[in-house]
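Peer 1: Take a look at the following structure, please.
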Amino acid sequence: MSEQIDNKLKSEIERIIDLDRLGRSGSAVEIAATESECAALAKRFGFLSLQGFAARVTVDLQLGEQVIVEGRLRGKIVQACVLTLEPVTQELDDAFRIVFQKDLAEERDPESGEAVLNAQADAPEPLAGNMLDVGEIVAEQLSLAAEPYPRRPGVKLEDVLPKSKGGPRRGAPGQQRHPFAGLAALRDKPRRGR
């Protein structure tokens, strides 16, 4: 999780579960984001707006070492089209499953010191402490469910690029200039004393 409780950073949609108090049957959490929580999440992720955001999440302990978080989130995101900047709406209905494991050391690259991601789909994530912010998990899943490059239907790149007036630049009509012609001219130019 990008914002851990241990770091004292509060999620925009904080919902804390104490894993030490979690019973054998686990816990179910219903999240219905308030208008202010939706506005804060929209600001965090760069959405124009987030409407009707809700999630149902279950948290289960398995053998005391792994914590399984499963859920489904729903809502409506409005983002700016990457080509026209016009509003694009995306309806969300996304299921997720995350496995956390207590006392799992985070792998680090020995040279850079950065965390190494495990490519396995169900590889457990490290869990520090006994508190789990289910709201932050849902927020992160929201960011993953959002279309990374929203585009208004029917809009193509050619529709927004400026139209060139006349034919090709420089050179004889009908001739296309080679993209590296300028570099070739520099290469062939005599050099002054070294």
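The values are calculated or read from the model by the stated rules, or taken from the named source; none is laboratory data. Quick caveat: nothing in here was measured; it's all calculated off a predicted structure. FYI the Cβ positions are ideal-geometry reconstructions off the backbone, even for glycines, and counts take in every protein chain you see.
Peer 1: Taking the criterion of being within 26 Å of Ala32 (Cβ to Cβ), at pLDDT 85 or above, surrounded by 14 or more Cβ atoms within 10 Å (Cβ to Cβ) and not aromatic (Phe, Trp, Tyr), would at least one residue in region 112-124 satisfy it? Let's see the steps before the verdict.
Peer 2: Taking region 112-124 as the starting set, the residues that turn out to be within 26 Å of Ala32 (Cβ to Cβ) are none.
Checked against the condition, which is being within 26 Å of Ala32 (Cβ to Cβ), at pLDDT 85 or above, surrounded by 14 or more Cβ atoms within 10 Å (Cβ to Cβ) and not aromatic (Phe, Trp, Tyr), region 112-124 yields no hits at all.
Peer 1: Just to verify a result, which residue in region 1-24, among those that are among the basic types (Lys, Arg) and under 28 Å from Leu50 (Cα atoms), is modelled with the lowest pLDDT? Spell out how you get there, then give the answer.
Peer 2: Just the residues of region 1-24 that are among the basic types (Lys, Arg), to begin with: 8, 10, 15, 21, 24.
Checking the rest, the ones that are also under 28 Å from Leu50 (Cα atoms) come to 8, 10, 15.
Working: Lys8: 51, Lys10: 76, Arg15: 93.
The residue in question is Lys8.
Peer 1: Here's something else I'd like to know. Looking only at region 76-87, decide whether some residue is surrounded by 15 or more Cβ atoms within 10 Å (Cβ to Cβ) and more than 30 Å from Asp159 (Cα to Cα).
Peer 2: No, every residue in region 76-87 fails to be surrounded by 15 or more Cβ atoms within 10 Å (Cβ to Cβ) and more than 30 Å from Asp159 (Cα to Cα).
Peer 1: Would you check which residues across region 145-160 are farther than 14 Å from Gln79 by Cβ and surrounded by 10 or more Cβ atoms within 10 Å (Cβ to Cβ) and list them? Walk me through how you get there before you give the answer.
Peer 2: First, the residues of region 145-160 that are farther than 14 Å from Gln79 by Cβ: 154, 156-160.
Correct list: Asp159, Val160.
Peer 1: Considering only region 142-159, I want to know if a residue exists there that is at pLDDT 70 or above, within 23 Å of the chain's Cα centre (by Cα), among the aliphatic types (A, V, I, L, M) and in a loop (DSSP other than H, G, I, E, B). Before you say what the answer is, go through the steps one by one.
Peer 2: Kept after step one, since they are at pLDDT 70 or above, are these residues of region 142-159: 142-159.
Filter once more, keeping what is within 23 Å of the chain's Cα centre (by Cα): 142-153.
Filter once more, so that each one left must be among the aliphatic types (A, V, I, L, M): 142, 144-146.
Now drop any that are not in a loop (DSSP other than H, G, I, E, B), which leaves 146.
Checked region 142-159: at least one residue is at pLDDT 70 or above, within 23 Å of the chain's Cα centre (by Cα), among the aliphatic types (A, V, I, L, M) and in a loop (DSSP other than H, G, I, E, B).
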